[in-house]
Amino acid sequence: MKNIYHGVLMFAVLLSGCATNTAPKKATNDVSIAKVNEVQKKISSCIAEVNQSDDAKYVDEHILVLTEKSPNAKELFNSSDKIASDQAAVLIRFKESTLKCRAITNELPSPALVAVYSNFYTNIDAVYKDLIDKRITIGVANQERQMRIQYAKTRFAQILKSET
């Protein structure tokens with residue numbers, strides 16, 4: 001989950017960079033890009049705050065790669081282990097702590113951009129559920145999470161480009 005939030009944070013930062021490099025076609029686009037950047041900054045700050053929690057640090061080290069500095073990233077991506085009950089409890093608490101960050105996405109100035117995040121969260125929640133229900137391994141969960149992050153980043157950039 002922490003990886004997801006880290007991914008979303010990275011996604012927001014990357015999108016902010018893309019957005020600021022886009023030349024506006026109309027005066028109203030300046031406001032939209034500024035609003036997108038403002039919301040992404042709020043999301044990034046929220047995720048950074050959540051990632052400081054003990055639960056997030058545990059998730060990043062033992063379950064999901066949430067940060068670039070995850071100490072066991074290689075092992076987690078290749079893990080054939082199923083999640084343990086105590087790990088599942090931490091993951092659930094971590095996910096709950098991220099809900100406040102998810103709500104910020106509703107402030108985006110475009111329903112299509114909000115939909116990208118909404119779809120992302122739905123897909124990530126499905127990965128978490130499969131992991132917690134022991135239908136997938138920790139390695140598969142990390143791989144699926146990363147694919148969903150990449151897809152969301154790509155889709156967000158496409159929509160942002162088409163709307164500006």
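Every number here is computed from the coordinates shown, using simple stated rules; none is lab data. A quick note: this is a predicted structure, and the numbers were derived from the prediction, not measured. As a convention, Cβ positions derive from the backbone with ideal geometry for all residues, glycine included, and neighbour counts pool all protein chains shown.
Key figures
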{"read-out": "Nearby aspartates and glutamates by direct alpha-carbon distance to K69 (threshold 17 angstrom, same-chain neighbours under 8 apart not counted)", "value": "E49, D54, D55, D60, E61"}
{"read-out": "Length released on extending from K74 to S162, taking residue separation times 0.36 nm less the Cα-Cα span", "value": "28.1 nm"}
{"read-out": "Karplus-derived HN-Hα couplings along the range 146-154 (A = 6.51, B = -1.76, C = 1.60, θ = phi - 60°), whole Hz, x at Gly and Pro", "value": "4, 4, 5, 5, 4, 4, 4, 4, 4"}
{"read-out": "Restraint check, K35/K82; K95/K161; K95/K153; K57/K153; K57/K134; K42/K129, Cα-Cα greater than 32 Å", "value": "K35/K82"}
{"read-out": "Span from the the range 89-164 Cα centroid across to the the range 71-85 one, whole angstrom", "value": "20 Å"}
{"read-out": "Per-peptide average of other Cβ atoms within 10 Å, ordering 110-123, 69-82, 139-152 highest first", "value": "139-152, 110-123, 69-82"}
{"read-out": "Over the range 21-164, equivalent-ellipsoid semi-axes from the Cα gyration tensor in Å", "value": "31, 15, 13"}
